[in-house]
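The values are calculated or read from the model by the stated rules, or taken from the named source; none is laboratory data. A quick note: this is a predicted structure, and the numbers were derived from the prediction, not measured. Cβ placement follows ideal geometry from the backbone for every residue including glycine, while neighbour counts extend to all protein chains displayed. For the accessible areas, the whole protein counts, side chains as well, though only heavy atoms, and no ligand, DNA or RNA atoms are used. Shrake-Rupley method; radii C 1.70, N 1.55, O 1.52, S 1.80 Å.
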Amino acid sequence: MAPVRTTDAVVAAISVTIALLSLFLYKSKPSSKKLPSKKNPRNGLLGAIGNTPLIRINSLSEATGCEILGKCEFLNPGGSVKDRVAVKIIEEALESGDLAPGGVVTEGSVGSTAISLATVAPAYGCKCHVVIPDDVAIEKSQILEALGATVERVRPVSITHRDHFVNVAKRRASEANEFALKHRKDDANQRGVANGTTEKTNGFQYDEEKQSLFSRNCTGGYFADQFENLANFRAHYEATGPEIWEQTGGNVNAFVAGAGTGGTLAGVSKFLQERNSNIKCFLIDPPGSGLFNKVTRGVMYTREEAEGQRLKNPFDTITEGIGINRITKNFMMAKLDGAFRGTDKEAVEMSRFLMKNDGLFLGSSSAMNCVGAVRAAQSIGPGHTIVTILCDSGMRHLSKFFSADYLSQYGLTPSASGLEFLGVG
């Protein structure tokens with residue numbers, strides 16, 4: 001009898017075994033697709049503020065040889081870094097008793113802080129009254145009104161003038177307190193106010209115009225005072241700075257940002273340098289602002305930059321939200337190693353470069369911060385990690401910073417094809 005041929009059968013059996021084993025291993029292998037996080041939802045609007053992403057700005061990183069990272073503060077619910085400040089200011093005021101539910105928070109702002117206050121105030125049972133320069137992009141006023149804030153647009157004047165937007169906002173808080181006090185008096189006085197009779201209490205005139213600014217159930221006013229209120233600094237020292245440290249794993253060599261109130265720059269720089277004194281912190285300053293001179297020369301003004309000789313008050317720049325001609329309490333807390341001067345043209349060109357190459361649609365101060373990040377990279381050299389703040393998006397800057405007609409009036413029409421405007425080939 002011929003021998004049995006087992007070769008084909010053995011090969012077939014081995015093949016089937018391997019196939020089944022492969023299928024088993026494939027089914028047993030953990031999926032590379034991550035399931036959604038099972039963390040609890042954040043608690044309302046306020047819980048969504050902060051912990052913003054830190055992203056690598058690819059185009060700038062590749063061009064400079066540094067890791068340039070941007071903190072995406074435009075992703076806060078109110079659309080800017082100022083959400084953090086608004087929450088801190090209101091919470092500290094409520095805790096101290098200076099503000100009560102039903103009260104009105106007043107502020108003088110070029111837009112972002114006001115929008116943040118108007119966004120978060122209702123979550124605390126408060127209202128918002130904003131005084132804003134009339135040369136600020138009109139969409140900011142429109143946003144504020146849509147959020148339910150009352151808005152006063154005033155002519156830009158020096159901070160020393162009683163009608164500077166910040167000084168007007170401070171007066172409005174006092175008037176709200178007087179208004180509330182008046183309505184806590186007896187029924188006779190309440191009827192007198194309702195009938196429009198004029199009466200002065202601590203200098204406040206109770207007339208129909210003033211009454212129209214505040215609701216009948218207003219419990220008082222609180223001036224947020226973002227420039228001098230150190231709650232601004234604390235918001236960034238206690239949250240923004242620690243977030244950057246954690247998100248970089250402590251691997252950060254430099255931080256750069258502009259300064260208006262100075263709170264972001266001060267809070268972040270102080271926190272980071274307390275963690276590592278080798279971290280370099282820089283200011284980027286727009287045209288006309290005196291901070292660059294203060295940091296680099298120890299004086300606020302040069303002769304040609306004296307405030308009285310400037311064409312516009314308080315400074316000549318289309319960049320909104322940064323630049324100032326005085327030292328605020330918040331700025332005094334900053335720990336700085338140097339400063340860079342940016343120009344309007346550089347900010348405009350940078351915004352278009354980032355939109356084209358990274359899909360980032362950023363506002364004027366964010367674009368200026370990115371100019372500062374490149375300057376910092378040029379200063380400390382390649383191979384370093386540099387962090388900056390992406391304060392807000394371009395959505396609030398359509399009528400000026402992103403208006404071709406507006407830019408052409410000032411010779412700021414963008415024309416660069418790359419980063420040659422910063423000397424980067």
> Across the range 292-318, which residue is farthest from the chain's Cα centre (by Cα) among those that are modelled with pLDDT of 90 or more and open to solvent by less than 70 Å² (accessible area, probe 1.4 Å)?
Replying inline: G298
> Taking the range 365-391 as the search range and keeping residues that are out of contact with any strand residue (DSSP E or B) (no Cβ under 7 Å at 6 or more places or on another chain) and of a type in the set (A, V, I, L, M), which one is nearest to T113 (Cα to Cα)?
Replying inline: A367
> Which residue out of L362, L354 is touching a strand residue (DSSP E or B) at 6+ places or on another chain (Cβ under 9 Å), surrounded by fewer than 24 Cβ atoms within 10 Å (Cβ to Cβ) and closer than 21 Å to A63 by Cα?
Replying inline: L354
>> Being at pLDDT 95 or above, aliphatic (A, V, I, L, M) and open to solvent by 10 Å² or more (accessible area, probe 1.4 Å) narrows it down to one residue among L283, L230; which is it?
In response: L230
> Out of all the residues in the range 248-280, which are within 17 Å of N369 (Cβ to Cβ) and open to solvent by 30 Å² or more (accessible area, probe 1.4 Å)?
Replying inline: N253, K280
> How many residues are surrounded by fewer than 24 Cβ atoms within 10 Å (Cβ to Cβ) and without any contact (Cβ under 8 Å) to a residue 40 or more places away in the chain when one looks only at the range 92-120?
Replying inline: 4
> Scanning for something modelled with pLDDT of 95 or more, within 16 Å of R172 (Cβ to Cβ) and under 21 Å from the mean Cα position of the chain (by Cα), does the range 74-86 turn up at least one residue?
Replying inline: no
>> Condition first: open to solvent by less than 50 Å² (accessible area, probe 1.4 Å) and farther than 23 Å from T64 by Cβ. Now tell me which residues in the range 395-424 satisfy that.
In response: R396, H397, S399, K400, F401, F402, S403, Y406, L407, L412
> Considering only residues of the range 154-185 that are buried (at least 16 other Cβ atoms within 10 Å of the Cβ) and among the basic types (K, R), which is nearest to I327 (Cα to Cα)?
Replying inline: K170
> Under the condition of being under 18 Å from the mean Cα position of the chain (by Cα) and part of a loop (DSSP other than H, G, I, E, B), which residue from the range 121-146 is surrounded by the most Cβ atoms within 10 Å (Cβ to Cβ)?
Replying inline: A137
>> So for the range 53-71 (the condition being closer than 17 Å to A224 by Cβ and among the polar types (S, T, N, Q)), does at least one residue qualify?
In response: no
